[in-house]
Each structure stands twice: as structure tokens, then as C-alpha cells.
Amino acid sequence: MSLVQNKKVLASILASITLFAVSTPARAATSGAVIISVNQDFTSPIGTAVVTGAIGDYGTIQGADANGKVSKLAATPNALIKLKKGTLLIDATSMNKATSSAPLIQNTTCSFSLTATTVPWPIIKGTGAYKSVKGTLSVTLQLGGITPLYSAGPNKGKCDFSNKFPPVASYFNVLATGTITY
């Protein structure tokens, strides 16, 4: 190839690169309000999560350690939300403190309930589409259930709040709201 032909090929390549760079816009940061709704049953360590607002995604939520590794411990320091487009790791320390208070117990109906509100619920990190996520959420948690009855012994027929058996019915709902950027 002659020097003139090399220059034409090089000019053509540079023009293509320039055209591509001009026509491909940089991804702007997304920011805005989000609402994360979580529903879970006491008998399962995994709940469902729906995120609306600045993020529109859904998936599961589960307890995790500080590195985002899923944990089956009852009180983990973090919550890992696995969504279709990435994950969010949230510091749940303040929620664990809020839920350590005693629930309202009704011996006549064998029911219990607890409502807790906590701030902050900081987002530690994200992956995938949410790898640069930042933000802090306010959280309201509601949980409750119906306990089984003792089937034998001196307490037969009375409510069993001992935690030896899971509730016969339960709910665990979390609503987190805040502003994020990613």
C-alpha cells in the first residue's frame, strides 16, 4: 500500500471513530426517589423485593455479611437485594437494633406484632447496572404472626411464644424510601 493509500485508510478509520464517539452519548447519572417494598415470611430466609422510582427492578432480598455474602443467620448486619439488573447491599444494622425491641403480644389471640421505623439504611454498594449507587433510605418495618398452641403438658392449649416452632401464620413487610444516585 502506498503512503497516500495508508493516509486515506487512516483518515477513514479516524472519521469512523469520531462519528461513533459523537453519536454515542455518555451515560448520565440517574438520580431520584426510590421505594423498596419487601415481603417475607418468617419461615423463609428469602423475601421478595420490588424497587420503583429511579430504579425499576425486582428480585429477592436476603441477609448478608459485610462483603455481601449471603448468610442464614437470624440477625445479619446487611441486606442483599438481588435484582434482575444488579444488586444492592444495604447496611441493616439500624434495622436490627430497631427490631430487637419487644413485640406487642396478645395472649388471648396468640398473636404478636411489631412496627419499627429507622433511619438511616445506607446503601453500601451495588453491582451490575447499580454499581455506582449511593443513597440512604428511611425504613418502616411491620411484622407479626400467630403462634402455635402447646399440644401437651401443663400449658396445653395455651399460646407457645417460645420460638421453638415457627408461627402458624406470619408477615414481614418492609417499606424503604429515599433518594439515590447511580
**Request:** Enumerate the pairs (first residue in the stretch 90-112 and assigned to a helix (DSSP H, G or I); second residue anywhere and loosely packed, with under 14 Cβ neighbours inside 10 Å) with beta-carbon separation below 6 Å, excluding pairs fewer than 6 apart on the same chain, so at least 6 apart or on different chains.
**Result:** ASN96/ALA75
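Looking at this structure, is GLY59 at pLDDT 90 or above, small (Gly, Ala, Ser) and surrounded by 15 or more Cβ atoms within 10 Å (Cβ to Cβ)?
Values: at pLDDT 90 or above: yes; small (Gly, Ala, Ser): yes; surrounded by 15 or more Cβ atoms within 10 Å (Cβ to Cβ): yes.
Here the answer is yes, as GLY59 does meet what is asked.
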**Request:** Can you tell me which residue within the stretch 153-182, out of those that are aliphatic (A, V, I, L, M) and closer than 19 Å to PRO120 by Cα, is modelled with the lowest pLDDT?
**Result:** VAL174
**Prompt:** Restricting the stretch 95-138 to residues that are over 18 Å from ASP57 (Cβ atoms) and aliphatic (A, V, I, L, M), which is surrounded by the most Cβ atoms within 10 Å (Cβ to Cβ)?
**Reply:** MET95
**Request:** Hey, could you check the stretch 114-131 for residues that are at pLDDT 95 or above and among the small types (Gly, Ala, Ser) and say which is farthest from ILE180 (Cα to Cα)?
**Result:** GLY128
**Message:** Could you tell me how many of the residues in the stretch 134-171 are part of a strand (DSSP E or B) and in contact with a Gly (Cβ under 7 Å, 6 or more places away or on another chain)?
**Reply:** 8
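The values are calculated or read from the model by the stated rules, or taken from the named source; none is laboratory data. Since the structure is predicted, the reported quantities are computational estimates derived from the model, not experimental observations. No Cβ is skipped: glycine too gets one built from the backbone with ideal geometry, and neighbour counts run over all protein chains shown.
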